[in-house]
Amino acid sequence: MSDFDFDLFVIGGGSGGVRAARVASGELGVKVGLAEESRYGGTCVIRGCVPKKLMVFASEYADTVETAQTYGWSFGESDFDWARFQTHMRAELDRLERIYRSLLANSGVKTFDQRATVVGPHEVTLADGTTKTAKHILVATGGRPVRLEIPGAELAMVSDDLFDMATIPQRLLIVGGGYIACEFAGILNGLGAKVTQMYRGAQILRGFDDDARNVIADGMHERGIDLRLNCNVVDLQRDDKAIVATDTKGHAKAYDAVLFATGRNPNTDGLGLEPVGVTLGRSGAVVVDDFSQTAVPSIYAIGDVTNRVNLTPVAIREGMAFVETVFKGNPTPVDHALIPSAVFTQPEMGTVGLSEQDAREQEEIEVYRTTFKPMQTSFAGRPDRVMMKLIVSKASRRVLGCHIVAPHAGEIIQLAGIAVKMGATKEDFDRTVAVHPTMSEEIVTMRNPERTP
Ligand code: NDP
C-alpha cells in the first residue's frame with residue numbers, strides 16, 4: 001500500500017499530460033490524479049494546432065473557388081461568414097474536449113478542474129486549498145504567448161485571442177517572423193484581411209532552410225501580404241477605433257488590429273517549482289535530463305514547459321517515454337533527432353533534418369533542388385511555385401535534410417520523414433519509382449547536384 005494519495009500527479013491536461021496520465025492509469029493501473037485549470041486538450045486542441053488548421057482550411061477556399069473557374073465551374077456570389085465558421089469551430093473544439101475528458105475518465109484518472117501548485121517533492125496544493133500527495137509529479141503545463149514590452153502593448157492580440165475575434169479585421173498588423181506569425185499572415189489574408197507582417201530580421205522563419213524561407217516569402221508576397229523585413233514595432237496607440245503602430249523606421253500606420261506572434265514562454269510562473277529545488281532555465285523552462293527528470297528526482301516535466309522541441313507529437317512522445325521509464329522500469333530517453341514538421345504557411349512547408357546551411361557546417365554535402373509550377377494551379381494561370389530540396393552527405397550518401405514547399409507539404413514530409421529517419425541514401429530515393437503525375441515524384445527524379453560555389 002502506497003503512503004501517497006496518488007502514484008502520479010500530473011499538472012496540465014494538454015497533449016503530453018493527458019497521454020502520460022491515461023497510459024499510466026489505463027494500461028498499467030497506476031493511481032493517477034490530474035489537474036487542469038483551463039480546458040482539457042491544452043494549447044494544441046483549444047487554442048493552437050487544431051483551430052489553426054481549421055482556419056487554414058477555411059482560408060484556402062477563396063483560392064479554390066477562383067481556381068475552380070478555370071476548370072469550368074461557376075458559382076454564385078461567394079462570401080465568408082466568420083461567425084458561421086466560428087460556431088462550427090467552437091462546436092468541434094467542444095467535441096474534442098469532451099473526448100479528452102472521457103479518455104481520462106475511462107482510463108480511471110481522477111481529474112481536478114483547478115490550478116495545482118507544487119509545494120514539496122511529493123506534494124501539490126489545489127486552488128481550493130486541498131493538498132494531494134504523490135510518489136511522482138509530472139509537470140506538463142505548456143507555454144503561453146509572449147507580449148512585447150512596448151508602450152500600448154495591451155492593445156495587441158496574442159494567438160490565444162485569434163479564435164474569439166468578433167470580426168476579421170480589415171487592416172491587420174502581425175509582428176514576428178516565426179511559425180505563428182507566418183501561418184496567421186496566410187490565414188487572415190485568405191479570410192479577407194489586408195495583412196502587414198513586420199519582422200525584425202532579414203528573412204522570415206529563421207532556422208529553416210534558406211531556399212525554403214525565400215520561396216515561402218515570395219509566395220506570401222504574391223498572395224498580397226505586405227512583408228516588412230528588418231523592421232519592428234516600437235509603439236502602439238489607440239486612435240478612435242484604430243490602433244496606430246509606429247515602427248523602427250519611424251513610420252506610423254493605422255490598423256484595425258495588431259497581433260504579437262513573438263514567441264512563447266514556458267508556463268512555470270507561480271508553480272512553486274524553484275522553492276522545492278527544481279532548476280529553471282532560460283525564460284523559466286524546466287531543466288530536465290534525457291529522461292525528463294528534473295533536479296528533484298520525484299518531479300518530471302514534459303512538453304513545451306521544458307522548451308525542448310515545442311511540438312504536440314514530441315510532448316506525446318516525451319509523455320510515453322516518461323511512463324516507460326518510471327512505471328515500466330525501462331529507462332527510455334526521447335529521440336529528438338530528425339523530427340519531421342510542417343509550417344502551415346501559404347505556401348505550406350514540410351521539413352525534416354538539416355538545412356543546407358547547418359549541413360554545410362557539419363560536413364561536405366551535395367544539394368539537389370528543383371522548383372516548378374504545380375500542374376493544378378499552373379493550369380489556372382497562377383504563379384504558385386513548388387520547391388523540393390535534398391541535402392545529401394557526400395561521404396555516407398545519406399539524405400541529411402529534405403525540405404518541401406508545396407501544397408500538402410505536411411502530408412508529403414510525414415512519409416519522406418520515414419525514409420530520412422531510416423537513414424535512406426540518395427541512391428535509395430533514386431531507385432524508388434516515381435508516382436506520376438504528382439508533385440512529389442520530383443523528390444525521386446532529381447538527377448544532378450547543384451554546382452557548389
Ligand atoms: P517562434 O519562436 O517560432 O517565433 C517567434 C518570432 O518572434 C521570431 O520571428 C522572433 O524573431 C520574433 N521575436 C521574438 N522576440 C521579439 C521581439 N522582442 N521583437 C520582435 N520580434 C521578436 O514562436 P511562435 O510564437 O511563432 O511559435 C512558438 C512555437 O510554437 C514554435 O517555436 C513552434 O515550436 C510551435 N508552433 C508550431 C507550429 C507548427 O508545427 N506548425 C505552429 C505554431 C507554433 P527572431 O527570429 O529574430 O528571434
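The values are calculated or read from the model by the stated rules, or taken from the named source; none is laboratory data. None of the values given here were measured: they were computed from a predicted structure. All Cβ positions, glycine included, derive from the backbone under ideal geometry; neighbour counts span all protein chains shown.
Close contacts from the stretch 173-199, counting a first residue that is more than 20 Å from residue 148 (Cβ to Cβ) and among the hydrophobic types (A, V, I, L, M, F, W, C) and a second that is within 14 Å of the ligand (Cβ to nearest atom) and at pLDDT 95 or above, with Cβ to Cβ under 6 Å and a gap of 6+ residues or different chains, come to 187/55; 187/56. Considering each residue of the stretch 60-77 in turn, at least one proves to be within 16 Å of the ligand (Cβ to nearest atom), in a helix (DSSP H, G or I) and at pLDDT 95 or above. Within the stretch 109-116, is even one residue crowded, with 19+ Cβ neighbours inside 10 Å, in a strand (DSSP E or B) and aliphatic (A, V, I, L, M)? Within the stretch 109-116, one or more residues are crowded, with 19+ Cβ neighbours inside 10 Å, in a strand (DSSP E or B) and aliphatic (A, V, I, L, M).
Filtering the stretch 165-184 to residues that are small (Gly, Ala, Ser) and near the ligand (Cβ under 9 Å from one of its atoms) leaves 176, 177, 178, 181.
Restricting attention to the stretch 281-307, the residues that are surrounded by fewer than 22 Cβ atoms within 10 Å (Cβ to Cβ) and within 13 Å of the chain's Cα centre (by Cα) add up to 1.
When we screen 227, 205 for residues that are over 30 Å from residue 87 (Cβ atoms), within 16 Å of the ligand (Cβ to nearest atom), among the aliphatic types (A, V, I, L, M) and part of a loop (DSSP other than H, G, I, E, B), the only hit is 205. There is at least one residue in the stretch 357-379 that is within 16 Å of the ligand (Cβ to nearest atom) and on the phi < 0 side of the Ramachandran plot.
Pairs only if they're at least six apart or on different chains, beta carbon under 6 angstrom, first in the stretch 404-418 and closer than 13 Å to residue 215 by Cβ and within 15 Å of the ligand (Cβ to nearest atom), second assigned to a strand (DSSP E or B) and among the acidic types (Asp, Glu); list them, first residue then second. Hits for this filter: zero, empty list. When residue 422 is tested against (1) under 27 Å from the mean Cα position of the chain (by Cα); (2) closer than 30 Å to residue 72 by Cα, only condition (2) is not met. Got at least one residue in the stretch 139-153 being farther than 24 Å from residue 349 by Cα, surrounded by 23 or more Cβ atoms within 10 Å (Cβ to Cβ) and either without any contact (Cβ under 8 Å) to a residue 12 or more places away in the chain or away from the ligand (no atom under 16 Å from the Cβ) (or both)? Looking through the stretch 139-153, at least one residue is farther than 24 Å from residue 349 by Cα, surrounded by 23 or more Cβ atoms within 10 Å (Cβ to Cβ) and either without any contact (Cβ under 8 Å) to a residue 12 or more places away in the chain or away from the ligand (no atom under 16 Å from the Cβ) (or both). Among the residues of the stretch 425-453, the ones that are over 24 Å from the mean Cα position of the chain (by Cα) and surrounded by 15 or more Cβ atoms within 10 Å (Cβ to Cβ) come to 11 in all. Restricting the stretch 230-247 to residues that are in contact (Cβ under 8 Å) with a residue 24 or more places away in the chain and part of a loop (DSSP other than H, G, I, E, B), the residue that is farthest from residue 192 (Cα to Cα) is 230.
Yes or no: the stretch 272-280 includes at least one residue that is assigned to a helix (DSSP H, G or I) and surrounded by fewer than 18 Cβ atoms within 10 Å (Cβ to Cβ). Yes, that holds for at least one residue.
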